[in-house]
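Single-structure report; data block below.
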Amino acid sequence: MSQIEGGLKPSRKTNLALIWYHMGSFNPFAGNPATFGRGTARAEISRPVSTLSPIPPGKPRWYYESHAPGDFYAAGHAPAYEIQGQVIYSIGLTSPAQG
């Protein structure tokens, strides 16, 4: 698997990133020909991510992901897409070991 990431911070409270994945296989899989093809390219995935920090402990994050199957799979498989939102809330706790 190969991965490339790039990002920028257009404002103090906004982060934007683009992540690209290339997923491959060392050898074709000799499985059911209705599912698996003869190639080694499993998929290309691209994921733009937007993270906002309107208040310090909370970070809403949105991302869109596109999945383009490669020739590792049979010809009838269509691309897939996903949109997901997350809210990450951080609380400041210290462990007894940190004293």
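Rule-based calculations on the coordinates, nothing more; no lab input. Note that the coordinates shown come from a computational prediction; the quantities given were computed from them, not determined experimentally. Glycine also receives a Cβ, built like all others from the backbone with ideal geometry; neighbour counts cover every protein chain displayed.
Table: residues versus (1) assigned to a loop (DSSP other than H, G, I, E, B); (2) in contact with a helix residue (DSSP H, G or I) (Cβ under 9 Å, 6 or more places away or on another chain); (3) loosely packed, with under 13 Cβ neighbours inside 10 Å.
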site	(1), (2), (3)
Gly7	no, no, yes
Ile19	no, no, no
Pro28	yes, no, no
Pro33	yes, no, yes
Gly39	yes, no, no
Arg42	no, no, no
Ile45	no, no, no
Ser50	no, no, no
Lys59	no, no, no
Inset, instruction - Tell me which of these Trp62 doesn't satisfy, since it passes every other one: (1) more than 22 Å from the chain's Cα centre (by Cα); (2) under 23 Å from Ile91 (Cβ atoms); (3) of a type in the set (A, V, I, L, M, F, W, C). - result: (1)
Inset, instruction - Determine which member of the set Gly85, Gly92 is loosely packed, with under 11 Cβ neighbours inside 10 Å, among the small types (Gly, Ala, Ser) and assigned to a strand (DSSP E or B). - result: Gly85
Legend entry - Leading residue by the ranking (surrounded by the fewest Cβ atoms within 10 Å (Cβ to Cβ)) among those in region 61-82 that are within 30 Å of Asn27 (Cβ to Cβ) and of a type in the set (D, E, K, R): Glu82
Legend entry - Which listed residue is touching a Lys or Arg at 6+ places or on another chain (Cβ under 6 Å) and either β-branched (Val, Ile, Thr) or free of Cβ contacts under 8 Å to residues at least 40 places away in the same chain (or both), from Ile55, Ile88, Ile83: Ile88
